[in-house]
1. Between LEU77, HIS52, ALA13, whose Cα lies farthest towards the positive end of the dipole of the stretch 13-96 when Lys and Arg beta carbons carry +1 and Asp and Glu beta carbons carry -1, centred on the Cα centre?
2. Which value at 222 nm does the chain reach when only helices count, each DSSP H run of 4 or more adding -39,500 (n - 2.57), with the total divided by all residues and rounded to the nearest 500 deg cm²/dmol?
3. Along the Cα→Cβ direction, 7 angstrom out, place labels at GLN73 and GLU6. What is the inter-label distance in nm?
4. When only Cα pairs under 8 Å and 6 or more residues apart are kept, what is the percent relative contact order across the stretch 8-114?
5. Quote the charge dipole size of the chain about the Cα centre in Debye, to the nearest 20; the model charges only the Cβ of Lys and Arg (+1) and of Asp and Glu (-1).
Amino acid sequence: MILKSERLAEAFARLVKNETDHAARFDDARLVGVFEHFYTTNRSASAGYGTHYVVLGYEYRWPPALVPKPDDQHSGLRWWPVAELLVSDRVHENTKAYFGGGARHDTAGNTSFMPR
């Protein structure tokens, strides 16, 4: 999530640092696309509406010598061959969209990727 008054480069560096303990530079990333994720539930567990996330997906070449450290939100991290993650039932469809390109749809039929 981009914080109020936070620039993209600052948000990128903060998120990568928080989620992996690695200091990454925004200039070293490449925009993959804009993705939409729709969920039938929401953070407050209130009835009657869901959640809509708009995600700016970036590709970042991870330095081979570094080992990412998971944060409190993730129990572990794993490198996946793209062909394997695209067919795995352990990988969420929203994550697959970042690697497969094209349109992906959630169970309600909502498009979760907007081609560039």
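Laboratory data are not the source of any read-out in this text; all were calculated from the coordinates shown. Not measured: the values here are computed from a predicted model. Counting neighbours? That spans all protein chains shown, and the Cβs are built from the backbone with ideal geometry, glycine included.
1. ALA13
2. -6500 deg cm²/dmol
3. Label at GLN73, label at GLU6, 0.9 nm between them.
4. Details: 139 pairs, mean separation 27.7, N = 107.
Rounded, it is 26 percent for the stretch 8-114.
5. Around 140 debye, computed over the chain.
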